[in-house]
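Trainee: Before I ask anything, here is the structure I am working with.
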Amino acid sequence: MEERARKQPATRIIRRTSIDRVRAVLDLLEVDGEPHTPQQLYDAIHVDSRIDINPLTIHRILHRLDKHRRVERLHSDSGELMYRILDPNHRNGSASHRKHGRGATGLMIFRVSS
């Protein structure tokens with residue numbers, strides 16, 4: 001029981017750090033609404049933030065945001081992968097989305113209803 005009590009604070013710190021990383025990526029994407037490469041996001045966070053993050057983490061966050069339809073994945077003319085924030089009211093075709101809940105990272109989770 002004592003061992004379990006010692007692990008909980010570390011878990012909370014890790015979770016908080018993860019949320020801060022996702023928020024930093026979202027904040028940068030929301031600034032101008034323009035597409036950014038993962039490298040551009042990494043450079044901006046690395047230079048202008050106290051958040052410890054690496055390029056692979058940026059890619060994982062962007063993949064998760066894309067999966068939850070918070071960002072749009074684009075390709076530049078040179079084929080480079082770019083991401084742009086989606087409008088919270090974004091519609092995918094004729095499907096309507098409604099709020100289902102929030103994940104641990106504060107991501108909006110949508111359920112598609114027909």
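Trainee: Please find, within segment 61-88, the residue that is farthest from the chain's Cα centre (by Cα) out of those that are surrounded by 16 or more Cβ atoms within 10 Å (Cβ to Cβ) and not in a strand (DSSP E or B).
Mentor: L86
Trainee: Look through segment 17-44, keep the residues that are hydrophobic (A, V, I, L, M, F, W, C) and over 13 Å from the mean Cα position of the chain (by Cα), and return whichever of them is farthest from D87 (Cα to Cα).
Mentor: So the residue we want is A44.
Trainee: Next question. Quick one: which residue in R16, R60, R23 is modelled with pLDDT under 85, of a type outside the set (S, T, Y) and out of contact with any helix residue (DSSP H, G or I) (no Cβ under 7 Å at 6 or more places or on another chain)?
Mentor: R16
The values are calculated or read from the model by the stated rules, or taken from the named source; none is laboratory data. In this text, all values refer to a predicted model and were calculated from it rather than measured experimentally. Methodologically, a virtual Cβ is constructed for each residue, glycine included, from the backbone with ideal geometry; neighbour enumeration extends over all protein chains shown.
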